[in-house]
1. Which one is surrounded by the fewest Cβ atoms within 10 Å (Cβ to Cβ), of the residues in segment 153-186 that are aliphatic (A, V, I, L, M) and in a loop (DSSP other than H, G, I, E, B)?
2. When segment 192-209 is examined, which residues are found to be more than 22 Å from the chain's Cα centre (by Cα) and farther than 12 Å from VAL175 by Cα?
3. Among the residues of segment 88-105, is any within 21 Å of LYS208 (Cα to Cα), touching a residue at least 60 places away in the same chain (Cβ under 8 Å), surrounded by 15 or more Cβ atoms within 10 Å (Cβ to Cβ) and under 15 Å from the mean Cα position of the chain (by Cα)?
4. How do the pairs read when you match residues in segment 211-232 that are within 24 Å of ILE127 (Cβ to Cβ) with residues anywhere that are of a type outside the set (A, V, I, L, M, F, W, C) and open to solvent by 40 Å² or more (accessible area, probe 1.4 Å), using Cβ under 7 Å and keeping only pairs 6 or more apart or on different chains?
5. Residue check: is GLU306 touching a helix residue (DSSP H, G or I) at 6+ places or on another chain (Cβ under 9 Å), in a loop (DSSP other than H, G, I, E, B) and of a type in the set (Asp, Glu)?
6. Any residue in segment 141-163 that is in contact (Cβ under 8 Å) with a residue 24 or more places away in the chain and of a type in the set (Ser, Thr, Tyr) sitting within a Cβ distance under 6 Å of a residue that is in a helix (DSSP H, G or I) and open to solvent by less than 80 Å² (accessible area, probe 1.4 Å)? List the pairs, counting only those 6 or more apart or interchain.
Amino acid sequence: MILQFYFWETTLNLSILFGGVSFEHEISIVSAIALKKLLGETQTFIFLDENRDFYLIEPHQMQSKYFSSKAYTKSPKIYLKKGGFYQKSLLGEKALHLPMVLNLIHGGDGEDGKIAALLDFFEIAYIGPRLNACVLSFDKEFTKFLAQNRQIPTLPFWILYRGEALPHFDYPIIVKPARLGSSIGISVVKSQEELQYALDVAFEFDNKVMIEPFISGIKEYNLAGYKGKEGFCFSILEEPQKKEFLDFEKKYLDFSRTQSTQEADISPELKKTLQEYFIKIYDNLFEGALIRCDFFIKEGTCYLNEINPIPGSMANYLFKDFKTALSNLSNALPKEKNIKVQYNFLHQIQFAKGK
């Protein structure tokens, strides 16, 4: 079931969790600042620094300099326990009773599953991908396996680890770290002479590299969405404007991308195919998360390029009513099965020993 949006003013309060130990740490800060401008100062902001300490940040301090200068260390330090965040007090500690968490940590910690596992362990409600979804979308090789398992085509690829012998390639190719987003460390390689430098760049960020054929002029479309209580809700379809590929500068230094984007001019049949592929990727894996899937179109065939389990600025620019999207998602989070330990098996062993 696909929903149509009906718009009304939505009041939304979230605890936006950002930062983390990642090469995308600064991108997460930029995303949090963008959401503060969009959602307003009623939001709560929790910063996870490079030492994995949590800080409660006042909304008016949500400026890049506050973090680059380390001024954030003057903010209250908080920590996780079962049920939520706590702060030290004169009488020991106090529960903060913060709003629902939105996981906005890109890359390591946020998209590799560490934060998801931590929040689940402490029984804290949150918007974001769960552990299994993180595992399969953080590693580009695993994403290929996921797509293939769900009957979605992918481009051919090679995996290379540091120190391995190089296979023969037909150029041009694209070289990218296997477990990194935000277009960091990616190079288009057009000859054997350029390959080693591109590998050196990629290996600076990861010891595992993915190599794919580079296809000039290929069409690319981005689609974000989530599963609410009533079914799937999609953003508009974006055709990103790029040179050879959507690089870091185009993604994050082009601030117009925080504004609304025009819908791509494509056929209804292609739009339906992309939405159907999105559902195949999302269903029974990404519940509770707003994700973005990036697709390639080559000679009429649609390929999955990658999954963004926590897209930059939550892909807010692709939604006509982003507040309502987050509100709908917050009311459709998956619930973990409550397992009551009965000790029946141990009682049976003890009874048998007593005979």
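The values are calculated or read from the model by the stated rules, or taken from the named source; none is laboratory data. Keep in mind the model is a prediction, meaning the values are calculated, not measured. Positions of Cβ are generated from backbone atoms using ideal geometry, with glycine treated the same way; all protein chains shown enter the neighbour counts. These accessible areas exclude ligands, DNA and RNA; they are computed on the full protein's heavy atoms, side chains included. Shrake-Rupley method; radii C 1.70, N 1.55, O 1.52, S 1.80 Å.
1. Ranking the candidates gives ALA165 first.
2. GLN192, GLU193
3. no
4. So the pair list comes out as LYS227/GLU287; GLY228/ASN328; LYS229/ASN331.
5. Taking the combined requirement at face value, the residue does not satisfy it.
6. THR143/SER137; THR154/LYS144; THR154/ALA147
Residue-wise test of (1) touching a residue at least 60 places away in the same chain (Cβ under 8 Å); (2) surrounded by fewer than 21 Cβ atoms within 10 Å (Cβ to Cβ).
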site	(1), (2)
LYS272	no, yes
GLU287	yes, yes
ALA315	yes, no
PHE319	yes, no
THR324	yes, yes
SER330	yes, yes
